[in-house]
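Everything on this sheet refers to the single structure shown next.
The values are calculated or read from the model by the stated rules, or taken from the named source; none is laboratory data. For clarity, every value in this text was computed on a predicted model and none was experimentally measured. Cβ: placed from backbone, ideal geometry, glycine included. Neighbour counts: every protein chain shown. Each accessible area value is taken on the protein alone, full model and side chains, heavy atoms only, with ligands, DNA and RNA left out. Shrake-Rupley method; radii C 1.70, N 1.55, O 1.52, S 1.80 Å.
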Amino acid sequence: MALASLVRRKAYLLSRNLSNSPADALKYSFSLSNFSRGFASGSEENDVVVIGGGPGGYVAAIKAAQLGLKTTCIEKRGTLGGTCLNVGCIPSKVVIGHGLYGEMYIKLILALLHSSHMYHEATHSFAGHGVKFSSVEIDLPAMMAQKDKAVSNLTRGIEGLFKKNKVNYVKGYGKFISPSEVSVDTIEGASTVIKGKNIIIATGSDVKSLPGITIDEKRIVSSTGALALQEVPKKLIVIGAGYIGLEMGSVWGRLGSEVTVVEFAPDIVPSMDAEIRKQFQRSLEKQKMKFMLKTKVVGVDTSGNGVKLTVEPAAGGDQTTLEADVVLVSAGRSPFTAGLGLDKIGVETDKIGRILVNDRFATNVAGVYAIGDVIPGPMLAHKAEEDGVACVEFIAGKHGHVDYDKVPGVVYTHPEVASVGKTEEQVKALGVDYRVGKFPFLANSRAKAIDDAEGIVKILADKETDKILGVHIMAPNAGELIHEAVLAINYDASSEDIARVCHAHPTMSEALKEAAMATYDKPIHI
């Protein structure tokens with residue numbers, strides 16, 4: 001079946017390449033002809049200019065250079081893909097511009113999650129493994145320094161990749177003065193104009209604000225400020241039970257904060273498979289994270305030493321006051337396009353500010369493209385990277401492809417939750433007959449051996465064809481385990497395809513094999 005899947009995918013890609021509207025094809029042909037003439041003439045004009053040095057932007061710039069295109073990348077912060085955060089460099093008003101935020105956040109949160117998990121293990125699990133300490137304490141400045149060092153090393157590496165691939169790097173704030181010209185106010189205080197035949201907008205996203213709540217990055221913080229707190233808050237309130245809110249709540253909860261999550265919706269992470277979501281919430285509650293669902297914030301008082309939040313049921317009702325040392329606002333993100341001059345050149349956006357593009361990432365303005373968080377689709381760093389590669393491939397006359405239905409998502413807590421494809425609720429809504437296979441990590445020998453067996457693998461497959469429709473994993477390192485499923489779904493594999501692949505023993509990945517066996521037949525170890 002796997003070979004047949006490959007043939008079907010080739011046919012799909014060919015049909016997709018030929019299915020563009022005549023108008024799009026004409027626009028694309030015109031832009032390519034301009035590109036070819038300019039490149040042949042040896043003009044000093046750039047073939048590609050990328051505004052934003054985050055995960056989508058820097059990847060697009062490197063790929064463009066690798067394809068032989070003269071490329072310039074403009075980044076506001078002066079640090080590609082990430083930045084070294086401390087109190088002195090956190091602005092009073094959060095503006096993470098030019099695509100920087102996604103890569104920076106991921107690196108910072110992973111560093112702190114690992115450090116906080118090590119502390120939690122030392123205080124809760126080591127004794128059971130025969131490792132005892134007379135005392136364990138948190139040195140938060142040292143923890144933050146380790147986080148900053150890790151991020152600094154990683155971001156300097158991106159600059160090295162720019163040099164290796166001959167990408168011109170301009171540090172400053174870029175804005176359009178025409179569809180082929182970007183004015184840049186450099187961080188040194190100068191001003192310059194960068195010309196490009198093709199300009200890619202990769203400016204990322206910004207924190208979504210809430211009415212009546214002012215973020216000061218001290219007591220009321222965004223995720224930026226939450227990554228740089230100078231002491232562990234005794235009480236932390238998180239507004240929003242999405243990926244970022246739960247990840248940050250997990251970090252500070254493991255370091256000793258009393259964490260309460262306030263969420264307007266009836267569920268945490270609404271996009272998650274409901275069965276997995278329920279198990280995930282129970283796991284977080286066992287870690288002493290509290291949840292107030294179907295609850296809205298109606299007032300905030302910062303007049304005292306701490307913060308007082310007034311909340312009430314989402315449907316209305318009696319009000320309650322919550323007190324905290326720090327409040328994290330994590331109610332989502334919005335496309336960051338402020339100051340780019342999109343209106344000046346006529347780039348169309350939707351009602352929430354996302355830039356409208358066709359399936360070649362082209363905007364309605366010839367030669368102007370957009371990728372990542374500024375366009376519709378999941379706001380994920382790895383999705384932005386795929387956008388960047390595909391966009392540049394289209395510009396270079398090649399074929400690019402990103403299927404947003406097959407982009408994995410990961411919640412970086414412990415345990416992690418990772419998924420790809422459809423949830424069971426989505427499959428039901430489509431009216432598809434399906435089978436479900438599950439396998440708990442309590443029956444996985446590696447998980448039992450390391451005493452970290454909380455979690456499950458769940459697979460959904462078409463009942464008639466056995467084609468995998470969705471895979472959901474809650475487990476330690478679920479973000480690593482999910483990629484076998486991502487590959488399978490991208491090539492229309494069946495659950496039997498995974499089940500018949502030999503998996504090394506003992507490994508956590510055997511749980512995926514067993515879940516696949518449970519989907520089309522029966523598992524062995526349960």
Of all accessible heavy-atom area on the range 187-290, the percent that carbon and sulfur account for (1.4 Å): 51 percent
Spatial separation of Cα centroids for the range 308-338 and the range 142-161, in angstrom: 32 Å
Of all accessible heavy-atom area on the range 361-454, the percent that carbon and sulfur account for (1.4 Å): 48 percent
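With a cap of 12 neighbouring Cβ atoms within 10 Å, and only residues DSSP puts in a loop, list the GluC sites (Glu not before Pro) found in the range 424-526.
In loop regions of the range 424-526 (DSSP not H, G, I, E or B), the sparsely surrounded GluC sites (Glu not before Pro) are GLU464.
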Reference-scaled alpha-carbon Rg (2.2 N^0.38 Å with N residues) for the range 415-520: 0.99
Loop-located GluC sites (Glu not before Pro) in the range 201-263, at most 13 other Cβ atoms within 10 Å (DSSP): GLU231
Theoretical ellipticity at 222 nm over the chain - DSSP helices of four or more residues, -39500 (n - 2.57) apiece, nearest 500: -11000 deg cm²/dmol
Residue-by-residue Karplus 3J(HN,Hα) for the range 168-180, coefficients 6.51, -1.76, 1.60, Hz, glycine and proline x: 6, 10, 10, 9, x, 9, x, 8, 6, 10, 6, x, 10
Built amide H within the under 5 Å cut-off of GLU217, gap 5+: SER222
Length released on extending from ASP139 to GLN287, taking residue separation times 0.36 nm less the Cα-Cα span: 51.1 nm
In sequence order, calculated HN-Hα J values of the range 473-489 (Karplus, 6.51, -1.76, 1.60; Hz; x Gly/Pro): 10, 10, 5, x, 6, 4, x, 8, 5, 5, 6, 4, 5, 4, 4, 4, 5
Under Karplus coefficients 6.51, -1.76 and 1.60, residue-wise ³J(HN,Hα) of the range 242-254 in Hz, glycine/proline x: x, 3, 5, x, 6, 5, 5, x, 5, 4, 6, x, 5
Partner lysines for LYS171 [C-alpha distance under 16 Å; skip if fewer than 8 residues away on the same chain]: LYS76, LYS163, LYS195
Difference of contour (0.36 nm per residue) and Cα-Cα distance, HIS124 to ILE450: 115.9 nm
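For the chain, what does the accessible surface come to per residue with a 1.4 Å probe? Please give it in Å².
Counting only protein heavy atoms, the per-residue value for the chain is 45 Å².
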Neighbour cut-off at most 16 other Cβ (10 Å), DSSP loop, trypsin sites (Lys or Arg not before Pro), the range 338-445: LYS351, LYS398
Reachable lysines, given that their alpha-carbon falls under 20 Å from the alpha-carbon of LYS218 and they are not under 8 places away in the same chain: LYS93, LYS147, LYS208, LYS234, LYS235, LYS308
